[in-house]
Amino acid sequence: MATASQSMSTAVPSPAELREALVRIAGAGRVLTRPIDLLAFAADASFYRLIPRAVVLAKGTEEIQSLFEYSHASRIPLTFRAAGTSLSGQAITDGILVEVARHWRGARAEDGGKKVRVQPGIIGGQVNQMLRPYGVKMGPDPASINACMMGGILANNSSGMCCGVPFSSKGFDQAHDLAANTAIERFWRWSDEGRLPVVVDTSPCTYGLLTCRASLTPESQKKFDGLKILDAVAFVHDQLLPKLTVRRKQEFVALHPVCSVVKMNLTPKLEAVARACSNSVLVPQAAGCCGFAGDRGFLFPELTESATRLEAAEIAAAKFDGDGTGGDYFSSSRTCEIGMTRATGRLCRSFIFLVEQATRP
Ligand SMILES: Cc1cc2nc3c(=O)[nH]c(=O)nc-3n(C[C@H](O)[C@H](O)[C@H](O)COP(=O)(O)OP(=O)(O)OC[C@H]3O[C@@H](n4cnc5c(N)ncnc54)[C@H](O)[C@@H]3O)c2cc1C
């Protein structure tokens, strides 16, 4: 996502100066600054929107080097976009958006298909097609493989990350241990060796990670001990909300605190966040395990139907304002949210949507 540029110490170039500088680097045909173009590039696949100051349809590594030099001198951040299928607003910016898709589509198999050399703008599925004659495919296998591009796949480490919970909940201990060790190794790298906290927005994964120490190698255990892993509920309650201004409260919302939130003793914080963003909050008396258990709810819907019957009845009797499609029912785990949406007929989604709606400027 975009880096805030408020802390600029040098003068901000005017839009005309910015355009001139970028045209000198990339040529007029590949620098977009018309409002209609900026709006067209203001969104990726996420629900966020930031309007870039300029878009460069970049071509060639020398050009990228010059863009970095200009970004450094002007203090305007660069953000790269490949296919823009990021779901968390990573490929949008209020700085300079550098599109590395259309002029970067090259790929070549090497060493009998054991290696592949790619440019960032080739679609992952096309690389796999190219590798088919060798009987191999790439390791990363995101669900968006036929839309996303190698730049985004590599920068995001797509599909490479799992906390291991889906394996442990099925008794696949070796797969769990491998996934947990890999996750901790990567957290160590991404967090600058523990300097930055790691925030997890799906509570069962947070709980799984916080309790995985015994499954780790001695080396990963040392890293685990140096990490700060936070659930999004705690992060939003303790750090984010105090810095935000609540501008519009919802009248009435209901919460589904998932099992891991209860185990981590985070229900009071989830409730406090909801109270800060709405006038009235219902935590159903019968709220409990939704029975979704990772993917069990997909395979055995009768499990969730039975587990959620009492809670669903309380939700059905509650006095909501809307018809259930507008977002007044919140939780902190995607699969449980799917289970509760099915059980109640009301859209259940992350409490972060509630915070975002309440604090949007
Ligand atoms: C329907 C759907 C299903 C999805 N399923 C999965 C899934 O199963 N697993 C998964 O991991 N993700 C999934 N995603 C998220 C997303 O598709 C992947 O993260 C994907 O790899 C992003 O690739 P992209 O080309 O769209 O990158 P973008 O969205 O364009 O960019 C993603 C990030 O990479 C950076 N970036 C892009 N190119 C470069 C470059 N050349 N140099 C440096 N940084 C660069 C961007 O700045 C941004 O931070 C899904 C998304 C959708 C819409």
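Readers should treat all values here as calculations from the given coordinates under stated rules, not as data from a laboratory. Owing to the predicted nature of the structure, the values given are computational and were not obtained by experimental measurement. Positions of Cβ are backbone-derived with ideal geometry, glycine not excepted, and every protein chain shown enters the neighbour counts.
Within straight-line reach of LYS114, meaning a Cα separation under 23 Å, sit the following lysines at least 8 residues removed in sequence or on another chain: LYS137.
Over the residues of the chain, the helix contribution to mean residue ellipticity at 222 nm works out to -11000 deg cm²/dmol, using -39500 (n - 2.57) for each DSSP H run of at least 4. Each residue of the chain gets 175 Å³ once the volume of the Cα convex hull is shared out per residue. For the stretch 107-156, the orientation-averaged shadow of the C-alpha convex hull comes to 3.0 nm² (one quarter of the hull surface). Normalising the average separation of contacting C-alpha pairs (under 8 angstrom, six or more residues apart) by the number of residues puts the relative contact order of the chain at 10 percent. Of the residues HIS103, HIS237, the one with the fewest other Cβ atoms within 10 Å heads the list, and the complete ranking is HIS103, HIS237. Counting other Cβ atoms within 10 Å as a rough exposure proxy, the listed residues THR33, THR217, THR344 run THR217, THR33, THR344 from fewest neighbours to most. Evaluating 6.51 cos²θ - 1.76 cosθ + 1.60 at θ = phi - 60° for every residue in the stretch 155-165, the Karplus couplings come out as 5, 8, 6, 4, 6, x, 10, 8, 6, x, 4 Hz, glycine and proline recorded as x.
Taking the Cα centroid of the stretch 17-46 and of the stretch 179-233, what is the distance between the two, rounded to the nearest whole Å? Spelled out, the Cα-based centre of one part sits 39 Å from the other. Taking only Cα atoms of the stretch 213-300, what ratio of Rg to Rh do you get with Rh as the Kirkwood inverse-distance radius? Here the Rg-to-Rh quotient is 1.08.
Remark: the stretch 15-99 projects, on average over all directions, an area of 5.0 nm² (convex hull of Cα atoms).
With respect to the cross-link table entries LYS222/LYS269; LYS59/LYS243; LYS223/LYS249; LYS263/LYS319; LYS243/LYS263; LYS170/LYS223, which display a Cα-Cα separation exceeding 31 Å? Table pairs above 31 Å Cα-Cα are LYS59/LYS243; LYS223/LYS249.
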